[in-house]
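Peer 1: Sending over a structure as structure tokens; questions will come in a sec.
Coordinate-derived values only; no laboratory data. Just so it is clear, the model here is predicted, and its values are computed rather than measured.
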Amino acid sequence: MYSMISYWLKYYRHECGLTQQQVADRLKIERSTYTYYETGKTKPDINTLIKIAKVYDISYTLLLQGVEDELEEAVAEIHSGPADDDSMKYRTHATTKYEVELLFVVRNLSPKQRKEVMNLAKKFITEEEKE
């Protein structure tokens, strides 16, 4: 999924007159990895964002412009999702900053990793209910 981070990565790379290969070489990563960042297939972690910002000679916060809006949309989507019995069991009416941060982290995981995180979270809930 294309995102604001993807947009800014491409924008600043063009502003610097660099190719994806040149950026990848400076980051010591595969070009395909960097391409995935620009296309939104994957998202760089915060350490990688900081390294990319150094390549572009900008503050890493410039690469995060608009991300808060994306998070708000994602939270709104969660709250307006289907109201089946299982989803209602975990629904809340207010979302904390911690929950938004957690959502952002989960959105950056692979589908397999997301499933593992969900299974682990459900396991914690089940264990808590037994106590």
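Peer 1: In the structure displayed, which of 43/115; 51/123; 28/122; 54/112 lie more than 28 Å apart, Cα to Cα?
Peer 2: The answer is 51/123; 28/122; 54/112.
Peer 1: Below 8 Å between Cα atoms, with a sequence gap of 6+, how large is the relative contact order for region 4-64 in percent?
Peer 2: 40
Peer 1: A follow-up question, please. Between residue 113 and residue 58, what is 0.36 nm times their sequence separation minus the Cα-Cα distance? Round to one decimal in nm.
Peer 2: Result: 16.7 nm gained on full extension.
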